[in-house]
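The values are calculated or read from the model by the stated rules, or taken from the named source; none is laboratory data. Everything numeric here is computed off the predicted structure, so don't read it as measured data. In this analysis, Cβ positions are derived from the backbone assuming ideal geometry, glycine residues included, and neighbour counts consider all displayed protein chains. We work out accessible area using only protein heavy atoms, side chains counted, and drop any ligands, DNA or RNA first. Shrake-Rupley method; radii C 1.70, N 1.55, O 1.52, S 1.80 Å.
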Amino acid sequence: MKKLQYIIMVSIATLLSGCNDFLSIEPLNEIVLEKYWTEKADVTSVMNSCYAQLESANCIQRMIVWGEGRSDNMYGGAGTGFDLNQVFKENILETNTYANWESFYVCINRCNTVLHYAPEVNAKDPNFTNSELRATIAEATTLRALCYFYLIRAFRDVPYSTEPSRDDSQVYQLPATPFETVLDYLIADVERVKDDAVKSYGEESVENTCRITRYACYALLADLYLWKGNYQACIDYCDKVIDQKIIQYEEEREKNPTGYSVELYGKYPLISESRVGTSFAGNTYTEIFGSGNSFESIFELNFVNNQSTENSAVASYFGSRTTRTGQIGVPPYIFENAYAGTNDYFKKTDCRFLENIYRTNNKGFVQKYTCQSVQFRTNTTTGAEPSVTSSIRSNSYANWIVYRLTDVMLMRAEAEVELAGNVEVGQSLSDEQTRHYRNAFACVSAVWKRANNKRTATSDTLVYADYATARSEMEDLVLGERQRELMFEGKRWFDLVRLCRREGENTRMISKVLPKFQENAAAIRVKLSSRDILYWPYHRNEIKQNPNLVQNPAYETTNSEQNF
């Protein structure tokens with residue numbers, strides 16, 4: 001029986017993963033289906049395959065490239081592949097491999113399959129209880145929403161379906177559904193299932209961060225509402241995540257009052273850069289990115305505790321045990337003269353530029369995720385830049401973080417700024433506007449203080465009055481802190497796209513991205529001014545296979561634009 005079950009599991013996994021394209025998905029074998037969807041273990045197996053697909057190199061590569069490759073954080077590194085190099089040059093064609101969305105639609109189809117067949121298993125297997133069914137539906141629905149969220153942020157309008165591929169009669173030549181419509185579907189879906197999601201898989205369980213929980217639902221909803229422009233709903237869901245972390249902090253502090261590495265920065269509990277009583281920093285990096293599944297984690301893809309496959313996307317793009325130089329490089333202006341105090345991105349006290357960027361021969365490469373641990377002195381007698389001691393992973397088993405606490409805090413800050421409304425330079429703030437700005441600044445200040453190893457306010461160089469002069473100043477404060485805190489985590493380009501959508505123009509995005517282009521800057525400025533250029537083209541193969549898809553105008557011979 002065990003052998004038969006193994007054959008069935010392998011058969012369905014092969015069928016599920018063998019899709020060449022969402023628009024021509026192979027149907028599941030009917031004989032396998034009849035025998036397969038009979039017990040709880042079958043549901044668990046395919047649910048696990050949904051996570052496995054998100055952990056595939058193709059998915060994580062696109063999380064990186066779609067989310068950040070076109071931003072001011074990244075450009076060509078060592079041995080950069082042709083298509084990736086074209087992305088960095090803003091020379092993207094419909095044949096570019098990163099315009100292929102297959103890997104995300106494979107995961108969507110697996111989620112749809114679970115959602116279709118799990119209720120049938122509930123009716124057949126008494127061990128698969130109603131509460132477990134509801135939790136599974138919440139899990140699969142949220143993963144599906146996350147996949148579609150990546151797709152609409154990258155492509156804007158995408159084919160949308162909630163039906164799995166089951167037989168040859170199904171036609172998947174679907175037209176693209178508009179961005180706003182898909183966004184509304186995703187919000188409604190996650191809202192419907194959030195209360196059925198598991199709060200905890202058990203004390204100290206890594207599944208609390210490596211599987212969908214109710215708090216992962218909340219983080220995703222906060223992000224969805226931020227893109228929707230429903231800023232109060234974004235704040236409400238951010239607070240649900242933050243409040244849970246405060247409770248967790250209080251419980252852990254009570255158990256271990258002296259040895260706990262989490263401290264309060266304002267009201268926000270964060271892992272300290274330097275433990276109390278030590279003169280070394282790097283603890284934040286080591287716990288969040290080295291060990292993984294940290295206190296601050298909300299949802300991350302699991303490699304550290306799984307180790308069935310390496311995180312090859314990180315190894316290839318950022319670096320590995322065999323080389324510290326990956327295909328993705330870091331523009332010099334991000335890190336040059338940071339310790340001299342003249343860098344526009346990082347203060348000399350900011351631990352993040354020492355932790356996240358590997359510098360060699362005046363070139364920069366991504367260090368985040370590649371090291372098991374990072375350590376450096378918080379002060380020196382000479383005032384010179386401290387030497388960083390980093391332990392490179394023996395194997396590339398870094399977890400990939402999708403949501404963590406500081407991301408949520410900075411979403412909250414952005415929403416507070418937008419709720420304050422338009423404030424021009426020299427305009428007096430109302431009490432309500434002041435409240436929103438103070439709330440936003442408190443979130444940014446907590447993240448900044450932790451990164452700069454500031455436990456008191458006496459030496460703060462981040463001052464509220466310097467930014468509470470206009471909406472644009474507060475927006476840049478939040479956007480800048482998100483850039484520093486979440487650098488190389490697949491967030492920056494999406495942040496800039498959201499800014500452009502909100503403003504209805506690309507001017508501020510261009511001013512931030514253009515400095516990385518050393519050639520053809522004038523032509524690139526013109527290209528980036530198009531609203532449609534914010535998004536990727538549909539891959540040529542998709543256009544050929546699906547006559548209902550209409551190519552993004554930015555990648556056709558004409559320059560016509562569509563409205564946001």
- prompt: So what J values fall out for the range 75-91 if you push phi through Karplus, 6.51 cos²θ - 1.76 cosθ + 1.60 with θ = phi - 60°, rounded to Hz, Gly and Pro as x?
  reply: 7, x, x, 9, x, 4, x, 4, 5, 5, 5, 5, 4, 5, 8, 6, 10
field: Residue among Thr323, Gly77, Cys217 farthest towards the positive dipole end of the chain, charges placed on Cβ
entry: Thr323
- request: Could you order peptides 275-288, 503-516, 107-120 by the average number of other Cβ atoms within 10 Å of their residues, highest first?
  value: 107-120, 275-288, 503-516
- prompt: So, by mean Cβ neighbours within 10 angstrom, what's the order for 490-496, 425-431, 392-398 with the highest one leading?
  reply: 490-496, 392-398, 425-431
statement: Given 334-345, 354-365, 123-134, 152-163, the highest-first ranking by average Cβ count within 10 Å works out to 152-163, 354-365, 334-345, 123-134
message: Quick query: amide H of Ile298 versus all other amide H atoms, modeled in the peptide plane; which residues come in under 5 Å with a sequence gap of 5 or more or a different chain?
response: Tyr403, Arg404, Leu405
- request: Could you list the residues of the range 414-441 with an amide nitrogen less than 19 Å from a label point located 7 Å from the Cα of Leu264 in the Cα-to-C-beta direction?
  value: 439-441
- line: Check: C-alpha center the range 60-82 vs C-alpha center the range 212-281, spacing in Å is 29
field: 3J(HN,Hα) from dihedral phi, the range 117-130, Karplus parametrisation 6.51/-1.76/1.60, rounded to Hz, x for glycine, proline
entry: 9, 4, x, 5, 5, 4, 6, 9, 10, x, 6, 9, 6, 4
message: Take Ala78 and Glu252, extend 7 Å from each Cα along the Cα→Cβ direction, and tell me the distance between the two endpoints in nm.
response: 3.4
- request: Return the long-range amide H neighbours of Ala78 (sequence gap of 5 or more, or a different chain), with a cut-off of under 5 Å between placed amide H atoms.
  value: Gly326, Gln327, Ile328
- request: Name the residues whose placed amide hydrogens come within less than 5 Å of the amide hydrogen of Arg377, ignoring near sequence neighbours (fewer than 5 apart) on the same chain.
  value: Ala281, Ser387
- request: Quick one: dipole size for the chain, taken about the Cα centre, charges +1 on Lys/Arg Cβ and -1 on Asp/Glu Cβ, in debye to the nearest 20.
  value: 1400
- prompt: So what does Val206 come to for accessible area, using a 1.4 Å probe and Å² rounded to 10?
  reply: 50
- prompt: Whole number please: convex hull volume per residue of the Cα set in the chain, in Å³?
  reply: 161
Förster-model FRET efficiency, 22 Å R0, Asn130 and Lys35, C-beta, rounded to 0.05: 0.35
statement: At R0 = 56 Å the Cβ-Cβ FRET efficiency linking Asp239 and Asn337, nearest 0.05, sits at 0.90
query: For Leu93 and Asp195 in one chain, what is 0.36 nm times their gap in residues minus the Cα-Cα distance, to one decimal in nm?
result: 32.5 nm
Ellipsoid equivalent to the range 325-466 - semi-axes via the Cα gyration tensor, in Å: 33, 19, 15
- line: Rounded to the nearest 500, the 222 nm mean residue ellipticity computed for the chain from DSSP H runs (n ≥ 4, each -39500 (n - 2.57)) alone is -14500 deg cm²/dmol
query: Based on the Cα coordinates of the range 476-537, what is the per residue volume of their convex hull in Å³?
result: 96
- request: Could you calculate the FRET efficiency of Asn379 with Glu505 from 1/(1 + (r/R0)^6), where r is the beta carbon distance between them and R0 is 60 Å, rounded to 0.05?
  value: 0.85
statement: Projecting the Cα atoms of Cys500, Tyr98, Val276 onto the charge dipole of the chain, where Lys and Arg contribute +1 and Asp and Glu -1 at Cβ, the residue farthest towards the positive end is Val276
- request: Quote the charge dipole size of the range 347-478 about the Cα centre in Debye, to the nearest 20; the model charges only the Cβ of Lys and Arg (+1) and of Asp and Glu (-1).
  value: 900
- request: Whenever you get a sec, compute what percent of the accessible area on the chain sits on carbon and sulfur atoms (1.4 Å probe).
  value: 47
Mean accessible surface per residue for the chain, computed with a 1.4 Å probe while every protein chain stays in place, in Å²: 40
message: Could you tell me the relative contact order of the chain? Use alpha-carbon pairs under 8 Å, at least six residues apart, and round to a whole percent.
response: 17
message: How big is the dipole moment of the range 518-558 about its Cα centre under a simple scheme where the beta carbon of each Lys and Arg is +1, that of each Asp and Glu is -1, and everything else is neutral? Debye, nearest 20, please.
response: 20
- prompt: In nm, to one decimal, how far is the modelled label at Ser428 from the one at Asp184, with both set 7 Å along Cα→Cβ?
  reply: 4.2
message: Based only on Cα atoms, what mean projected area does the convex hull of the range 391-514 have, in nm²?
response: 9.9
query: How about Lys40: which lysines have a C-alpha closer than 20 Å to its C-alpha, ignoring those fewer than 8 places off in the same chain?
result: Lys2, Lys3, Lys124
field: Under Karplus coefficients 6.51, -1.76 and 1.60, residue-wise ³J(HN,Hα) of the range 522-532 in Hz, glycine/proline x
entry: 5, 5, 5, 4, 5, 4, 6, 7, 6, 5, 5
